[in-house]
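Structure first, then comments.
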Amino acid sequence: MEKTKKFILTEKELPTHWYNIVAEMQNKPLPILNPATKQPMKEEELYPLFAKELSHQELNQTDAWIEIPEEVRDKYKIYRPTPLVRAYDLEKALDTPAHIYFKNESVSPVGSHKLNTALAQAYYCKQEGVTHLTTETGAGQWGTALAFAAKTFGLELVVYMVKISYEQKPYRRSLMQTWGAQVIASPSMSTNAGRKILSEHPNYLGSLGTAISEAIELAMQTPNCKYTLGSVLNHVSLHQTVIGLEAEKQMEMAGEYPDIVIGCFGGGSNFSGISFPFLRHNIKDGKKTRFIAAEPASCPKLTRGVFEYDFGDEVGYTPLLPMFTLGHNFAPAHIHAGGLRYHGAGTIVSQLKKDNLVEAVDIDQLDSFKAGVLFAQTEGIVPAPESAHAIAVAINEALKAKEEGTPKTILFNLSGHGMVDMTAYDQYFAGDLTNYSLSENDIAENVKILEHLVK
Ligand SMILES: *Cc1c(COP(=O)(O)O)cnc(C)c1O
């Protein structure tokens, strides 16, 4: 029998609405707090930072479906709907009875899922007359996505890029510059936050937390300027549900339903995007799908962090977020999956994890690259080092299915390709990469800082 490898939707089948899982969660995430008053943030309090519509989406606990604006859908069409692919050759290499599917978000022009929310955020900002945006970027994926989105909607953009990535990933910087963004290595001398950190640690190679502080500070000081974030927040996860909503239709075309859904986990947006539309059926229709977040062993907030109120950034400019965290001062090892080097998990996923509706596992750096190379050799796509974490979990689950002799259906999100990350692969092949493990003591010491934040 001829096998179908790719499940393709037409442009007409592009989802018209995003899915807001909060409206259907029994236990809602705890409120985010104003750090000065320790009271729940009101929508208006978010306006200085974010576009009004995004602030509204951030706190929306009632509407399960939110319309995707026409202009955003129109732009999505340059790469969406993205293909769902059955990984026959990976299955064969593993000699597994499991069926492995992946949703290919690497086909976006910027190479990752991040454009799904970048276009939406830039659009809403443009709508309300904003002229300038600031943001931070780790590995550079978010910065590149927002650079293209800002250009699309005629906005000026400044990106604070974590210094280690600025140096390790010069091509991402070039991409941002190609799309017209100004890129600054963080920590920088251009903000109080950057100057403070540099005066204490002159050689600090940066973290997402620091870069966020710098981007927020610049946004607050610049007229007509908003800050944007590419992960962690509820509205970001909301926009990413377009991934899972398409995948739901495509799995139906394949005549299957996933037993296991997997996404790599930085702040949680691509994991949320692939998971929430399926998790909806666990909540509403009694389905028993497992949802697994794949995080790096060097930054294991979901598997080993604590559930506490914490800041989203290093300096403490953001609201207090109820989340699994390693502490906002956590400095993760310089693994190549830069997009996963974030200390906390989004508040929705944190609540879902607390309620045992989703699971998490951590993956060592070397195992992630081993999985990434096997995937490249069987399916042809060199995965982003971040996505390789999801692949590693998919492989482990497929091997478990083989041991147990159960034909599980596994779906993972290929969040991006790794064509701009080849230095990382070079170092892996040269044997220059290592695993990083954290002791219980390292973690306990670090989360001490949270004890007096709220109480
Ligand atoms: C940013 C990024 C991630 C991690 O971010 P999430 O918000 O957790 O999805 C994962 N994969 C790729 C390719 C990325 O660019």
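The values are calculated or read from the model by the stated rules, or taken from the named source; none is laboratory data. The structure displayed is predicted, hence computed values, not measured ones. Positions of Cβ are backbone-derived with ideal geometry, glycine not excepted, and every protein chain shown enters the neighbour counts. Ligands, DNA and RNA are excluded from the accessible area calculation, which covers all protein heavy atoms including side chains. Shrake-Rupley method; radii C 1.70, N 1.55, O 1.52, S 1.80 Å.
Structural remarks
- The set of residues in segment 396-455 being of a type in the set (V, I, T), at pLDDT 95 or above and within 20 Å of D362 (Cβ to Cβ) consists of I410 alone.
- Any hit, segment 244-252, residues being within 13 Å of the ligand (Cβ to nearest atom), surrounded by 23 or more Cβ atoms within 10 Å (Cβ to Cβ) and at pLDDT 95 or above: yes
- Looking only at segment 192-222, residues that are touching a residue at least 24 places away in the same chain (Cβ under 8 Å) and over 26 Å from the mean Cα position of the chain (by Cα) come to 3 in all.
- Counting only strands (runs of 3 or more DSSP E) that fall entirely inside segment 258-347 and contain at least 2 residues that are open to solvent by less than 20 Å² (accessible area, probe 1.4 Å) and within 16 Å of the ligand (Cβ to nearest atom), the qualifying elements are 260-264, 290-296, 320-325.
- Yes/no for L84 being aliphatic (A, V, I, L, M) and touching a residue at least 60 places away in the same chain (Cβ under 8 Å): yes
- Scanning segment 91-150 for residues that are aromatic (F, W, Y) and more than 11 Å from the ligand (Cβ to nearest atom) yields Y101, F102, Y123, Y124, F148.
- Flag: L229 matches the condition of being outside any helix (DSSP H, G or I) and either buried (at least 24 other Cβ atoms within 10 Å of the Cβ) or not polar (S, T, N, Q) (or both).
- Listed conditions (1) touching a strand residue (DSSP E or B) at 6+ places or on another chain (Cβ under 9 Å); (2) modelled with pLDDT of 95 or more; (3) part of a loop (DSSP other than H, G, I, E, B) are all met by N356, apart from (1).
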